[in-house]
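Read the structure below first, then the notes.
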Amino acid sequence: MTVTMGKALTAALRDAMREDDTVLMFGEDVGPLGGVFRVTDGLAAEFGEDRCFDTPLAESGIVGLAVGMAMNGFRPVVEMQFDAFAYPAFEQIASHVAKMRNRTRGAVGLPMVIRVPYAGGIGGVEHHSDSSEAYYAHTPGLKVVTPSTVADAYSLLREAIADPDPVVFMEPKKLYWAKDEVSLPVRTEPFGRAVVRVPGSDATLLAYGPAVPVALEAASAAAAEGLSLEVVDLRTLVPFDDATVAASVRKTGRCVVVAEASGFAGVSAEIVARVQERCFHSLAAPVLRVAGWDVPFPPPVLEKYQLPGVDRVLDAVDRLQFDDAPDPRFLAVSP
Amino acid sequence: MTTQAEHRMPAVLPGGVPPADALLPSAEPVRFLDDDGGPAPGDAHGRYERPSTELLRRAYDAMVLGRRFDAQATALTKQGRLAVYPSSRGQEAGEIGAVLALRETDWLFPTYRDTMALIARGIDPVEALTLLRGSWHCGYDPMATRTAPQCTPLATHAPHAVGVAYAARRRGEDTVALVLIGDGGTSEGDFHEALNFAAVFHVPVVFLVQNNGFAISVPVSRQTAAPSLAHKGVGYGVRGERVDGNDPLAMLAVLTDAVESARAGGGPVLVEAHTYRVEPHTNADDDGRYRDHDEVAAWKRRDPIARLEAHLRSAGELTDDDVAAAGAAAEAFAADVRKRLSEEPVGDPAELFAHVFATPTPQLREQAAWLAEELAR
Ligand SMILES: Cc1ncc(C[n+]2csc(CCOP(=O)(O)OP(=O)(O)O)c2C)c(N)n1
């Protein structure tokens, strides 16, 4: 069956709500409208406005309400309308969602999911294209998950809803319409497992979410030129799969991290740090990054310069010192 | 289970949205007692009835014990036994009134200032003081005690109370949640969002604002230009009420009424208690920089325990023996707290990693091992 990522997410919500009547879906425009990306399409009709409902327009209140309901027997799934519009909820997320289990010595767990449509590539005007995963991944106590395939979208969301801990579920907006042949329900690898999408031997591309299709395209382009790139889809940023990542990089000896978010202090920076800590003696070149520039996300006309593309990835691969020459970009110690 | 259509029902009156007047607080705070514990002139208590003698006697004992506990905690802080202690001395009518208005099955959402309320709720004092002692964050089990962890980020617990009460109501339970909040906290966005959500979803929550005059050093006049904090309810469709926060009769009468009205399906209620923080913000505060000693002294003369005691004595409902017994119970309680907190608290470093997730991630297990290794050296 051909399914889009958006529809797979809808199916995951529907199946979870059918199986467990403590699962609720709420947020802004998620009721009769079905959400601005239609991910909650049909849920209010099937389960009633009691189980899938619109709230007042206030993100902190939405997440705060979910905290209280999760404390008292429900499994709320809340939708933040866009990445940047989740910021009003950040205090709730950082101070309560992430900390509740720890501060109560395990007495109060919060089984809740915060769905965040994120990243660019859809020509969104400002405040509609942020890659906000680092804020969440940097906050201990949150699981942070981001699918790049249709099957993962379904499976990871089901797992997120079933998880005893809060999960920030980052949905790459530009992949909502990506299609695949999948028969639902489907289960893929669990949280904490990265997946080798394409095996290779010359270098590893580590990518997650919206950057995975770019890495895959780069790998095919490289293959045409006789270069074998391994593509690892990280899938869950927290918990992180050090084992799969290190095994790949130790095997290939070269690594490029591909991420759409700005690089500085980003998840890509964390990945580079982990790789060099664990793989230093296997590395034939510094670990490079292809990440977004450190600029506020550009307006639609300019976004193509911000998003990592195949050429930029291949250019980074070229700089992995196959010819033993140092990377010309980093000869100087400072810009 | 209620339906969304019912959620859209008017908040108070059958047959339509309640008129704004029905949501407005009284012009003057509700009170039964004058400043000395005699009857307040006129009908300052409005439609409210004097709480039962039995309830007032329980309140008296709990307030005496609460104040003694509070003084003990302040003393322990000076001795370095607590990391910090925000006193609620002078706010006993609110601390105790809130707890006595609730059933055991109801939920209380306290702040850092409300350790006295935790004691009144029956929480073990060592568990209650865990946060301020610094040996962990929340020391009691919120599920077992139906008492949320003391909240420090101002007003952020208010939406949680709405969620907990909404969850209970959806299951057909008659649970009420009561949130404690300070005057400064009412300026935070979450206070507004919680009132709004509670009203829109018609949730049984009571918001008790203890207006004690200050947010650390900032007077309430810098928080709002509204006629009163209780007036903030009407904008959300929430009934507001103002009470003399140092009048235990008024506090018990209004809070009990608010809780039972919420329980009966009347929707959320916002209660503003006019009280005063007679101690500095915490032991670390220097209140001489922002207020007059005379003002503090004036408020101390409106002491809630003295007023209740005068009232009960004049009604022949409190004897010298009762007063002595309450004092003795409070002393014994304080002695126990003193003794149990004289031991150095111990913290287990392995616990740092234990509760971050239900099951620690591989990264946390790895870091726990590194710390254990470091400590074994
Ligand atoms: C969101 C947030 N901002 C600032 C603080 C620091 N802070 C702690 S207590 C306090 C004053 C609060 O005053 P109020 O709400 O009136 O309560 P009170 O302390 O008087 O009981 C402040 C500013 C905080 N805890 N949370």
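Some notes on this structure:
- Residue match in segment A:104-112 (condition: more than 8 Å from chain B (Cβ to nearest Cβ) and open to solvent by less than 10 Å² (accessible area, probe 1.4 Å)): yes
- Residues in segment B:219-231 that are within 14 Å of the ligand (Cβ to nearest atom) and open to solvent by less than 50 Å² (accessible area, probe 1.4 Å) were compared, and the one that is farthest from the other protein chains (Cβ to nearest Cβ) is B:V220.
- Pairs are defined by a Cβ separation below 7 Å, a sequence spacing of at least 6 or placement on different chains, a first member in segment B:100-111 that is open to solvent by 10 Å² or more (accessible area, probe 1.4 Å), and a second member that is at pLDDT 95 or above and within 16 Å of the ligand (Cβ to nearest atom); the pairs so defined are B:L102/B:L108; B:L102/B:L178; B:T111/B:Q150; B:T111/B:C151; B:T111/B:L180; B:T111/B:I181; B:T111/B:G182.
- Filtered residues of segment B:267-279 (kept if more than 16 Å from B:L102 (Cα to Cα) and either outside the structural domain of B:Y290 (by TED's automatic domain parsing) or out of contact with any His (no Cβ under 9 Å at 6 or more places or on another chain) (or both)): B:A273, B:H274, B:T275, B:Y276, B:R277, B:V278, B:E279
- Scoring A:Y87 on the criteria (1) of a type outside the set (D, E); (2) open to solvent by less than 20 Å² (accessible area, probe 1.4 Å); (3) away from chain B (no Cβ under 11 Å) leaves a single failure, condition (2).
- Of the residues making up segment A:85-100, one or more are touching a residue at least 60 places away in the same chain (Cβ under 8 Å) and over 19 Å from B:A354 (Cβ atoms).
- Meets criteria (in contact (Cβ under 8 Å) with a residue 40 or more places away in the chain, in contact with a Pro (Cβ under 8 Å, 6 or more places away or on another chain), open to solvent by less than 10 Å² (accessible area, probe 1.4 Å) and at positive phi) for A:G141: yes
- Pick from segment B:334-352, criterion within 20 Å of B:G80 (Cα to Cα) and surrounded by 12 or more Cβ atoms within 10 Å (Cβ to Cβ), ranking: farthest from the chain's Cα centre (by Cα): B:P345
- All conditions but one from (1) modelled with pLDDT under 95; (2) under 30 Å from A:P239 (Cβ atoms); (3) away from chain A (no Cβ under 13 Å) apply to B:G347; the one that does not is (3).
- Residue satisfying all of: in segment B:142-185; of a type in the set (V, I, T) and more than 9 Å from the ligand (Cβ to nearest atom); surrounded by the fewest Cβ atoms within 10 Å (Cβ to Cβ) among these: B:T145
- Test: B:E188 is within 14 Å of the ligand (Cβ to nearest atom) and not aromatic (F, W, Y): yes
- Residue within segment A:151-163 that is assigned to a strand (DSSP E or B) and either surrounded by 24 or more Cβ atoms within 10 Å (Cβ to Cβ) or at pLDDT 95 or above (or both) present: no
- Restricted to strands (runs of 3 or more DSSP E) entirely inside segment A:182-242, those with at least 1 residues that are of a type in the set (A, V, I, L, M) and within 19 Å of A:R115 (Cβ to Cβ) are A:236-238.
- Positions within segment A:236-264 being more than 14 Å from chain B (Cβ to nearest Cβ) and in contact with a helix residue (DSSP H, G or I) (Cβ under 7 Å, 6 or more places away or on another chain), in sequence order: A:V249, A:R250, A:G253, A:C255, A:V256, A:V257, A:V258, A:A259, A:E260, A:A261, A:G263
- Checked against the criterion of being within 16 Å of the ligand (Cβ to nearest atom) and touching a helix residue (DSSP H, G or I) at 6+ places or on another chain (Cβ under 6 Å), the candidates A:G68, A:G61 yield just one match: A:G61.
- Scanning segment A:296-324 for residues that are assigned to a helix (DSSP H, G or I) and open to solvent by 80 Å² or more (accessible area, probe 1.4 Å) turns up A:V301, A:L302, A:K304, A:Y305, A:D311, A:D318.
- Tabulated pairs, segment B:159-174, first more than 7 Å from chain A (Cβ to nearest Cβ), second modelled with pLDDT under 95, C-beta under 7 angstrom, 6+ apart or interchain: B:R169/B:T2; B:R170/B:M1; B:R170/B:T2; B:G172/B:M1
- Number of the condition not met by A:D233 [criteria: (1) in contact (Cβ under 8 Å) with a residue 40 or more places away in the chain; (2) acidic (D, E); (3) open to solvent by 50 Å² or more (accessible area, probe 1.4 Å)]: (3)
- Matching residues in segment A:267-295 - criterion: being touching a residue at least 24 places away in the same chain (Cβ under 8 Å) and closer than 13 Å to A:L206 by Cβ: A:V267, A:E270, A:I271, A:R274, A:V275, A:R278, A:C279, A:V287, A:L288, A:R289, A:V290, A:A291
- The sole residue among B:A262, B:A250, B:A199 that is farther than 30 Å from B:R313 by Cβ and away from chain A (no Cβ under 14 Å) is B:A262.
- Matching entry among B:V278, B:V209, B:V271, B:V243 (being more than 16 Å from the ligand (Cβ to nearest atom) and in contact (Cβ under 8 Å) with a residue 40 or more places away in the chain): B:V243
- Listed by first and then second residue, the pairs linking a residue in segment B:353-369 that is open to solvent by 40 Å² or more (accessible area, probe 1.4 Å) to a residue that is among the acidic types (D, E) and assigned to a helix (DSSP H, G or I), with Cβ atoms under 8 Å apart and 6 or more places separating them unless they lie on different chains, are B:P362/A:D242.
- Some residue of segment A:241-250 being at pLDDT 95 or above, loosely packed, with under 14 Cβ neighbours inside 10 Å and of a type in the set (D, E): no
- Just one of the listed residues (B:A101, B:A177) is within 11 Å of chain A (Cβ to nearest Cβ) and not aromatic (F, W, Y), namely B:A177.
- When the test is whether a residue is at pLDDT 95 or above and hydroxyl-bearing (S, T, Y), A:S334 does not pass it.
- Flag for A:F240 being under 22 Å from A:G141 (Cβ atoms), of a type in the set (F, W, Y), in the same structural domain as A:P213 (by TED's automatic domain parsing) and without any contact (Cβ under 8 Å) to a residue 60 or more places away in the chain: yes
- Of all residues making up segment B:105-148, the number that are touching a helix residue (DSSP H, G or I) at 6+ places or on another chain (Cβ under 6 Å), within 13 Å of another protein chain (Cβ to nearest Cβ) and of a type outside the set (A, V, I, L, M, F, W, C): 3
The values are calculated or read from the model by the stated rules, or taken from the named source; none is laboratory data. Note that the structure is a prediction, hence the values are computed from the model and not measured. Ideal geometry is used to build each Cβ from the backbone, glycine not excepted, and the neighbour counts take in all protein chains shown. The protein model used for the area step is the full one, side chains on, heavy atoms only, and it has no ligands, DNA or RNA in it. Shrake-Rupley method; radii C 1.70, N 1.55, O 1.52, S 1.80 Å.
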